[in-house]
Amino acid sequence: MRIVIAGGTGFIGGLLIPKLSAAKHQIIILSRNPEPAPTRISSAVLANTEAQITTEWWDGTAVGRWAESIDGADAIVNLAGESIAGKRWTRARKLDLLNSRIFPTRAIVEAIRRARKRPSVLINASAVGYYGSVETGDVREAHPKGYDFLASLCARWEDEARAAETFGVRVTRLRFGIILDKEGGALKKLLLPFRLFAGGWLGSGRQWFPWVHRDDVISMIAFALENGAISGPVNVAAPEAVTMKQFCRALGKVVKRPCWAPVPGFILRVALGELAGMLLTGQRVVPRKALDAGYTFQYPSLTPALEAIFPPGSM
């Protein structure tokens with residue numbers, strides 16, 4: 001397929017592009033950097049003369065020459081957006097988080113509208129934060145949205161993507177859980193205290209921790225690209241539900257570090273402000289749609305997932 005990827009130089013994009021390239025897809029990366037080299041793309045992929053990877057410059061706000069790549073493309077994967085947990089949520093930061101998602105998605109939908117030959121599918125990123133804090137019960141895709149900032153952000157982002165359905169495009173909204181990869185995402189930050197022999201859970205530790213291995217994230221994106229029956233919201237989280245305390249204890253056991261120094265919630269709130277709420281709450285997310293569609297998780301259970309990321313001696 002000819003696949004356009006917005007946000008292809010980010011965390012998920014750097015994992016996704018090698019897989020799609022290995023499957024002989026033609027990849028067009030939309031980037032603000034005129035000469036991007038995604039750090040997670042292996043040198044072997046970049047040196048492979050058969051790899052069809054090109055870059056189109058865009059500003060992420062308005063339709064420009066890059067829209068020509070949309071016309072005739074088979075699929076679009078939209079991963080654009082500033083890192084949610086990158087900085088404290090000041091008023092300005094929250095505006096950046098919102099605008100970095102709304103404007104690129106709106107521009108992509110407008111490019112779809114203008115295209116003579118429209119793509120068949122738009123895979124749009126989102127997050128399980130859509131559901132807000134849910135203390136009890138399973139959270140499937142039909143669960144209503146929450147009421148905090150992150151829930152509102154996800155809902156508005158998804159609404160922008162859904163506009164493409166008006167033009168006959170299948171829109172799949174992947175609600176990612178916490179992606180496990182030691183080189184990026186939340187796990188990289190959670191790992192630091194364990195490296196210093198001061199690992200522990202955050203807050204009470206009773207909040208749900210909806211996790212997913214990086215390989216399942218990439219495989220599920222590929223699954224959604226190829227499976228025409230997958231549309232609407234899709235939970236991207238492993239079937240095994242664990243709490244924050246259970247997760248941290250499993251992490252400590254795998255990396256052979258103690259898990260004994262929990263961080264009280266009030267300290268997180270002082271240090272991180274409103275952002276702390278994302279770490280102190282969670283949801284028991286169930287990937288119902290993916291399972292019903294026949295997706296088989298490579299890492300359905302936590303301990304094998306962590307052991308794959310941290311083989312002996314990798315710390």
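With a requirement of 2 or more residues that are polar (S, T, N, Q), the strands (runs of 3 or more DSSP E) lying completely within region 44-152 that satisfy it span 52-57, 121-127.
Within region 75-104, residues that are surrounded by 14 or more Cβ atoms within 10 Å (Cβ to Cβ) sit with their Cβ atoms under 6 Å from residues that are aromatic (Phe, Trp, Tyr), at 6+ positions apart or across chains, in these pairs: 101/157. Return a yes/no flag: does region 196-204 have any residue that is out of contact with any Cys (no Cβ under 8 Å at 6 or more places or on another chain), of a type in the set (S, T, N, Q) and either assigned to a helix (DSSP H, G or I) or buried (at least 16 other Cβ atoms within 10 Å of the Cβ) (or both). Scanning region 196-204 turns up no residue that is out of contact with any Cys (no Cβ under 8 Å at 6 or more places or on another chain), of a type in the set (S, T, N, Q) and either assigned to a helix (DSSP H, G or I) or buried (at least 16 other Cβ atoms within 10 Å of the Cβ) (or both).
Output the residues belonging to region 159-195 that are β-branched (Val, Ile, Thr) and not in a helix (DSSP H, G or I). Of everything in region 159-195, those that are β-branched (Val, Ile, Thr) and not in a helix (DSSP H, G or I) turn out to be 169, 171, 172, 178, 179.
Considered as a group, the residues in region 119-151 that are touching a helix residue (DSSP H, G or I) at 6+ places or on another chain (Cβ under 8 Å) and small (Gly, Ala, Ser) include one that is farthest from residue 91 (Cα to Cα), and that residue is 125.
Within region 233-250, residues that are at pLDDT below 95 sit with their Cβ atoms under 9 Å from residues that are among the β-branched types (Val, Ile, Thr), at 6+ positions apart or across chains, in these pairs: 241/285; 241/286; 247/178. Exactly one residue out of 242, 234 is more than 29 Å from residue 90 (Cβ to Cβ), buried (at least 21 other Cβ atoms within 10 Å of the Cβ) and of a type in the set (A, V, I, L, M): that is 234.
Can you name the residue in region 154-188 that is among the small types (Gly, Ala, Ser) and closer than 17 Å to residue 144 by Cα and, of all such residues, is surrounded by the most Cβ atoms within 10 Å (Cβ to Cβ)? Per the stated criteria, the residue is 177. Annotation for region 205-223: at least one member residue is of a type in the set (Phe, Trp, Tyr), farther than 26 Å from residue 22 by Cβ and crowded, with 19+ Cβ neighbours inside 10 Å. Every listed requirement among (1) at pLDDT 95 or above; (2) more than 17 Å from residue 119 (Cα to Cα) is met by residue 5 save one, (2). Residue pairs whose Cβ atoms lie under 8 Å apart, separated by 6 or more positions or on different chains, with the first residue in region 268-291 and at pLDDT below 90 and the second in a strand (DSSP E or B) and not acidic (Asp, Glu), are 268/202; 279/202; 280/202. Taken as a whole, the condition of being charged (D, E, K, R) and more than 30 Å from residue 227 (Cα to Cα) does not apply to residue 289.
Quickly run through region 198-232 and pick out the residues that are in contact (Cβ under 8 Å) with a residue 24 or more places away in the chain and of a type in the set (D, E, K, R). Answer for region 198-232, where residues must be in contact (Cβ under 8 Å) with a residue 24 or more places away in the chain and of a type in the set (D, E, K, R): 206, 214, 215, 216.
Taking the criterion of being within 20 Å of residue 70 (Cα to Cα) and either modelled with pLDDT under 90 or in contact with a helix residue (DSSP H, G or I) (Cβ under 6 Å, 6 or more places away or on another chain) (or both), the residues of region 28-48 that qualify are 28, 30, 31, 32, 33, 34, 35, 36.
Scanning region 55-75 for residues being of a type in the set (Val, Ile, Thr) and either modelled with pLDDT of 95 or more or over 16 Å from residue 7 (Cβ atoms) (or both) gives a total of 2. Criterion applied to 175, 195, 156 was being closer than 19 Å to residue 295 by Cβ, touching a residue at least 40 places away in the same chain (Cβ under 8 Å) and of a type in the set (Lys, Arg), and the one residue passing it is 175.
The values are calculated or read from the model by the stated rules, or taken from the named source; none is laboratory data. Predicted, not measured: the structure shown is a model, and the values here were computed from it. A quick note on method: Cβ atoms are made from the backbone with ideal geometry, for glycine too, and the neighbour counts reach across all protein chains shown.
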